[in-house]
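The structure appears right after this line, and notes come after that.
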Number of protein chains: 2
Amino acid sequence: MSSDFQPKKLPRQARSRQTFDAIVEACARLLIADGYGALTTNHIAEVAGVSIGSLYEYFGDKDAVVYEVVRRTAHGFSEDAARPLPAFGRVSVRTAITSWIDALFAAMRSREPLLRAIAADVPQTIREPHERESRVRYLELARTAYRMAGDHVRQDRVEEVSFLLVTLVEAALTRLVLDPPDDVSPAVVVDELSCRVLEWVAPRSRARPRPSGSR
Amino acid sequence: MSSDFQPKKLPRQARSRQTFDAIVEACARLLIADGYGALTTNHIAEVAGVSIGSLYEYFGDKDAVVYEVVRRTAHGFSEDAARPLPAFGRVSVRTAITSWIDALFAAMRSREPLLRAIAADVPQTIREPHERESRVRYLELARTAYRMAGDHVRQDRVEEVSFLLVTLVEAALTRLVLDPPDDVSPAVVVDELSCRVLEWVAPRSRARPRPSGSR
DNA sequence: TCATAATCCGAGTAATCGCTCGGTTTTACT
DNA sequence: AGTAAAACCGAGCGATTACTCGGATTATGA
């Protein structure tokens, strides 16, 4: 069940917890500075200020350290992005969606260097589990928004449109943070993104949506 | 100017052209089978049926071989996807966009294993130049469609919407090919994708678009 | 205090792998 | 046929690096 990347042993005492954290943080720093390709366990240990032996006390192999870095990033990440969400139900769907997009964008921007390093070189086997997990959450959010829109939108392609919605938001924000085109302003794109997405799940007009998806 | 990944020497005789191709093809096969992480130059040469010395006759280093694989993939790729485009002007914008999306999807599907291998592990420094190049072409297409739509759509955020459009199509098709969710049918998603994109650049209704992009 | 477990250490090992280089074989050309 | 250039060969060098292991050090708890 559990991935092979899991730490082989978790720290039990305070001192070892510091060691563990130092290793993970050093790994993150090196990932940002030199990329996955130049990452070595000896280097990680050196930067962390611990011995190579200690590193292998907690991590089965090199990728387990990277995995932990990615895991922490994704975790802190989804916490930031999920914060505005409890408002769902108290505010309109429109507000909820918009603030979700804004929060996600802010969360990504604040971790830009690490995100860039991870997206650039880290093998998919390491990234995938976390990307999958957050995507599942986003999909749930999209479906909820869809349901709340009631019969203002077509209900026969909920899965398909949710998929497109999540894909669009994720990809657009990622590209906006990591590789922004120089002839657009990020803020305007984010605004436009919100508008386009809202048109899908919570259109302004009272009119029923177009009758059919056929060409 | 030119990247360091360029082949150090191009084959001049027929025999060497075969050698060159065999190396590139072997690299592609190994990339698909074992991934970038397990790729070795000795292994490439062995599978190609040539000596390691011959490999370094044409390629400055390992990544130059991978670069050539990616280059060829992206090239054959954009040829397939661009084939339906000359029709622009002879057919409606709607038809052009739809057939572009369909062609792109087909082109990606037919190269699925290689695309998966490249997306999974190949460092961004190698992928980026080609992704950038095709993205520029797609953006040009989006702008053209936008312009042809005339005043049926707002003209003050052409760049922003084009960016979103290209991002959506690229990301959705990629995910659909490499990591299709199991509760949607790819064909339906592609159809829905076309519909959504067409709504942006060539809406059905004659009515003017909504007046403002503000929330 | 003392035994036991947890933690830490880092020199060393074994294996890998990118790449070179001196030399042979093949092709092109006159 | 003769020659020069192009192509090919592959053993092996040099460097890197993931990971081990036997032992030192520190914490726990009875």
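Among the residues of the range B:68-75, are any buried (at least 16 other Cβ atoms within 10 Å of the Cβ), within 16 Å of DNA strand D (Cβ to nearest atom), closer than 19 Å to B:Ala28 by Cβ and modelled with pLDDT of 95 or more?
Scanning the range B:68-75, I find at least one residue that is buried (at least 16 other Cβ atoms within 10 Å of the Cβ), within 16 Å of DNA strand D (Cβ to nearest atom), closer than 19 Å to B:Ala28 by Cβ and modelled with pLDDT of 95 or more, so the answer is yes.
Does A:Pro113 satisfy being under 20 Å from the mean Cα position of the chain (by Cα) and within 18 Å of B:Leu178 (Cα to Cα)?
no
Would you confirm, using the coordinates I've provided, whether B:Leu141 is among the aliphatic types (A, V, I, L, M) and at pLDDT below 95?
Yes.
Whether any residue in the range B:89-106 is more than 26 Å from A:Leu193 (Cβ to Cβ) and among the charged types (D, E, K, R) is what I want to check.
Yes - at least one qualifying residue is present in the range B:89-106.
Quick check, is B:Leu104 in a helix (DSSP H, G or I), within 22 Å of the chain's Cα centre (by Cα) and either assigned by TED's automatic domain parsing to the domain that holds B:Arg135 or at pLDDT 95 or above (or both)?
Spelling it out, B:Leu104 is indeed in a helix (DSSP H, G or I), within 22 Å of the chain's Cα centre (by Cα) and either assigned by TED's automatic domain parsing to the domain that holds B:Arg135 or at pLDDT 95 or above (or both).
Could you tell me which residue of the range A:132-187 is nearest to the other protein chains (Cβ to nearest Cβ), considering only residues that are among the polar types (S, T, N, Q) and assigned to a loop (DSSP other than H, G, I, E, B)?
Going through the qualifying residues, I end up with A:Ser185.
Please indicate, with yes or no, whether at least one residue in the range A:90-106 is surrounded by 15 or more Cβ atoms within 10 Å (Cβ to Cβ), of a type in the set (Phe, Trp, Tyr) and over 17 Å from A:Glu140 (Cα atoms).
Yes.
Among the residues of the range A:47-76, write down those that are charged (D, E, K, R) and within 9 Å of DNA strand C (Cβ to nearest atom).
A:Glu57
Among the numbered criteria (1) among the β-branched types (Val, Ile, Thr); (2) modelled with pLDDT of 95 or more; (3) in contact with a strand residue (DSSP E or B) (Cβ under 9 Å, 6 or more places away or on another chain), which single criterion is violated by A:Val161?
The number of the failed condition is (3).
Scanning the range A:1-43 for residues that are part of a helix (DSSP H, G or I), more than 14 Å from every other protein chain (Cβ to nearest Cβ) and exposed (fewer than 12 other Cβ atoms within 10 Å of the Cβ), which turns out farthest from DNA strand C (Cβ to nearest atom)?
Selected residue: A:Ala14.
Tally time: how many residues in the range B:4-30 are more than 10 Å from DNA strand D (Cβ to nearest atom) and within 21 Å of B:Pro129 (Cα to Cα)?
Residues in the range B:4-30 being more than 10 Å from DNA strand D (Cβ to nearest atom) and within 21 Å of B:Pro129 (Cα to Cα): 9 in total.
For the range A:50-65, what are the residues that are more than 7 Å from DNA strand D (Cβ to nearest atom), surrounded by fewer than 19 Cβ atoms within 10 Å (Cβ to Cβ) and not in a loop (DSSP other than H, G, I, E, B)?
A:Ser54, A:Glu57
The values are calculated or read from the model by the stated rules, or taken from the named source; none is laboratory data. Please read all numbers here as calculations on a predicted model, not as lab measurements. All Cβ positions, glycine included, derive from the backbone under ideal geometry; neighbour counts span all protein chains shown.
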